[in-house]
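Undergrad: Dropping the structure in here first, questions after.
The values are calculated or read from the model by the stated rules, or taken from the named source; none is laboratory data. The structure displayed is predicted, hence computed values, not measured ones. Cβ: placed from backbone, ideal geometry, glycine included. Neighbour counts: every protein chain shown.
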Amino acid sequence: MNHGLTVDLEDPTPPFEQLRRQLAELIHTGALPPGTRLPTVRQIAADLALATGTVARAYRELEAAQLLVTRRGGGTRVAEHPPVPSPEELLQAYTTEYVNRARRLGIPPEAILETITRTLSQ
Amino acid sequence: MLGLSEDGAVRLVRFIGVLIGLIATWATATSSWLSLGRGLMLAPVALGGCIFLGVLAGERWVRRPSAGTIRTAELRPRLLRDYLPRPLMIAVLASAATGPYPGSFYSIFLAISLSLATMLAAGTAVRAVRRPHGQASGQAGTDALRRNSVTAVVAGLGIAIAAPVAGVSATMAAADFGTGCGSSAHYLIGWTATILALANTLLGVYCLALLITRTGARGEVPSATAAASTQTS
């Protein structure tokens with residue numbers, strides 16, 4: 001396992017949400033297989049120079065989504081049977097990500113839509 | 001720091017720690033209120049303590065996480081046991097477990113000071129493992145630096161433990177052979193103490209040599225780098 005997490009402080013998306021999304025995607029794509037042990041909240045917080053509460057919130061939300069399991073003394077691990085998102089849910093997540101990125105580049109909504117239409121017709 | 005690179009600054013801080021340790025060693029060994037050899041016995045512990053402080057200062061204040069708006073974290077849990085030089089750690093633990101008991105006049109002081117030194121060593125090693133990625137190039141480079149720091153801490157602990165045990169064992173062996181009793185039990189105790197003295201002297205010298213030669217805090221330590229890349233793959 002040689003994956004990493006990246007947080008962009010200039011991104012308007014809150015850091016906890018950036019972490020949550022990246023971890024969810026790594027789990028959904030199988031890059032983080034079931035049972036994989038994750039670092040402690042403190043380790044990630046120290047690496048990213050973020051507050052521990054920020055990382056803890058991302059972990060909590062992933063636990064609520066049944067993607068992570070935390071056991072006392074056993075650390076936090078990827079759930080053995082994480083719920084598989086439907087294609088529609090994945091599409092919505094990717095679209096939201098695309099739109100957010102395009103907005104950060106200052107691209108107007110019409111141009112965003114036009115790019116999708118052009119890409120679909122290719 | 002003084003225009004030095006991060007590695008250079010860490011080496012300088014560690015070197016200052018060792019220098020202060022040597023002064024503390026001399027001050028402890030010659031202290032008037034640590035009489036009847038207690039100062040001499042505690043001197044290596046003082047040296048070890050200063051070595052830990054030097055490593056801790058390097059990890060805590062010199063190695064700073066990379067600044068910037070885009071930050072990265074690895075998803076591999078970093079555990080202290082993955083960075084420990086295991087054979088050396090086993091040798092140090094064996095030394096601590098087999099040391100002879102020289103009586104409460106000496107042992108209480110030694111136990112208290114070694115407990116404090118061990119806590120400081122553990123805190124320093126944990127700090128080295130937990131610290132974020134610094135200026136070193138790549139994950140393997142950062143891991144090599146962490147391994148280097150933990151090795152320096154274990155070597156310092158080895159000096160703090162093995163040197164007093166060697167001194168106590170040598171004194172015990174000399175006293176035992178000096179009585180001239182000649183019984184087999186005396187021979188057994190005398191030779192055991194002699195072997196312990198020699199083994200702990202060797203361990204202390206090895207730790208000192210390791211501290212000088214292997215823990216230069218350079219980012220590229222071939223064996224450690226290779227081990228780190230094997231672990232992450």
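Undergrad: Mind checking which residues of the range A:27-40 are free of Cβ contacts under 8 Å to residues at least 40 places away in the same chain, at the interface with chain B (Cβ under 10 Å from one of its Cβ atoms) and among the hydroxyl-bearing types (Ser, Thr, Tyr)? Break it down stepwise before answering.
TA: Going through the range A:27-40, the residues free of Cβ contacts under 8 Å to residues at least 40 places away in the same chain turn out to be A:29-31, A:39-40.
Subset that is at the interface with chain B (Cβ under 10 Å from one of its Cβ atoms): A:31, A:39-40.
Scanning the range A:27-40 gives a single hit, A:40.
Undergrad: Moving on to the next point. Restricting to the range A:41-60, name every residue that is at the interface with chain B (Cβ under 9 Å from one of its Cβ atoms) and surrounded by fewer than 18 Cβ atoms within 10 Å (Cβ to Cβ).
TA: Of everything in the range A:41-60, those that are at the interface with chain B (Cβ under 9 Å from one of its Cβ atoms) and surrounded by fewer than 18 Cβ atoms within 10 Å (Cβ to Cβ) turn out to be A:42, A:49.
Undergrad: Please work out which one of (1) over 26 Å from residue B:50 (Cβ atoms); (2) at pLDDT below 90; (3) among the hydrophobic types (A, V, I, L, M, F, W, C) is the condition residue B:217 fails and give its number.
TA: Only one criterion in (1) over 26 Å from residue B:50 (Cβ atoms); (2) at pLDDT below 90; (3) among the hydrophobic types (A, V, I, L, M, F, W, C) is unmet by residue B:217, namely (1).
Undergrad: Looking only at the range A:10-37, which residues are buried (at least 21 other Cβ atoms within 10 Å of the Cβ) and over 11 Å from the mean Cα position of the chain (by Cα)?
TA: Correct list: A:32 only.
Undergrad: Across the range A:1-26, what is the number of residues that are over 20 Å from residue A:71 (Cβ atoms), within 12 Å of another protein chain (Cβ to nearest Cβ) and part of a loop (DSSP other than H, G, I, E, B)?
TA: 5
Undergrad: I'd like to know if the range A:78-86 contains one or more residues that are among the β-branched types (Val, Ile, Thr), within 30 Å of residue B:79 (Cα to Cα), crowded, with 16+ Cβ neighbours inside 10 Å and more than 9 Å from every other protein chain (Cβ to nearest Cβ). Don't jump to the end; show me each part of the working.
TA: Within the range A:78-86, the subset among the β-branched types (Val, Ile, Thr) is A:78, A:84.
Subset that is within 30 Å of residue B:79 (Cα to Cα): A:78.
Checking which are crowded, with 16+ Cβ neighbours inside 10 Å leaves us with A:78.
Okay, now just the ones that are also more than 9 Å from every other protein chain (Cβ to nearest Cβ), so A:78.
Yes, that holds for at least one residue.
Undergrad: Being polar (S, T, N, Q), in a loop (DSSP other than H, G, I, E, B) and either surrounded by fewer than 21 Cβ atoms within 10 Å (Cβ to Cβ) or at pLDDT below 90 (or both) is the requirement here; does residue B:135 meet it? Walk me through how you get there before you give the answer.
TA: Values: polar (S, T, N, Q): yes; in a loop (DSSP other than H, G, I, E, B): yes; either surrounded by fewer than 21 Cβ atoms within 10 Å (Cβ to Cβ) or at pLDDT below 90 (or both): yes.
The answer is yes for residue B:135.
Undergrad: Please list, ordered by residue number, the helices (runs of 4 or more DSSP H) wholly in the range A:27-122 having 3 or more residues that are touching a Phe, Trp or Tyr at 6+ places or on another chain (Cβ under 6 Å) and under 22 Å from residue B:71 (Cβ atoms). Walk me through it before giving the result.
TA: Numbers: elements: A:41-48, A:52-64, A:87-104, A:109-121.
Because the criterion is at least 3 residues that are touching a Phe, Trp or Tyr at 6+ places or on another chain (Cβ under 6 Å) and under 22 Å from residue B:71 (Cβ atoms), the helices (runs of 4 or more DSSP H) in the range A:27-122 that meet it are A:52-64.
Undergrad: Please specify each residue of the range B:68-91 satisfying the condition of being among the polar types (S, T, N, Q) and surrounded by fewer than 14 Cβ atoms within 10 Å (Cβ to Cβ).
TA: The initial filter retains those residues of the range B:68-91 that are among the polar types (S, T, N, Q), namely B:69, B:72.
Selection gives B:69 alone.
Undergrad: What pairs come out if I take residues in the range B:85-109 that are among the aromatic types (Phe, Trp, Tyr) and pair them with residues that are part of a loop (DSSP other than H, G, I, E, B) whose C-beta lies under 8 Å away, six or more apart or interchain?
TA: From the range B:85-109, the pairs are B:105/B:36; B:106/B:37; B:109/B:34.
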